[in-house]
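Values in this text are rule-based calculations from the coordinates and carry no lab data. The structure presented is a predicted model; accordingly, all values stated were derived computationally and were not measured. Every residue, glycine among them, receives a Cβ derived from its backbone with ideal geometry; neighbour counts consider all protein chains shown.
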Amino acid sequence: MTLAERVAKTVDDASVQFAKEPRFVELKTFYDQMLRNGIAIKRPYEVGQLDTIGRDVYLSLAKTER
């Protein structure tokens, strides 16, 4: 089983457990209502380019050395 498959299985298992938890169900209902009313907005999860972290660190170090 690959790492991605193990992560997917873990998330699925946790989702089943959370679906039985009353506080989570209440929170999910509240969040869904906020989405419907336009108060909450789903933001996409964006992963930066592979070199972004290294570039950001390099640029921050270069700025502080000046």
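Summary of computed values
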quantity	calculated
Convex hull of segment 3-65 built on C-alpha atoms - directionally averaged projected area, nm²	7.7 nm²
Those lysines that a straight Cα-Cα span of less than 16 Å connects to residue 20, excepting residues fewer than 8 apart in one chain	28
Cα→Cβ-extended label distance, 7 Å offset, between residue 15 and residue 29, nm	2.1 nm
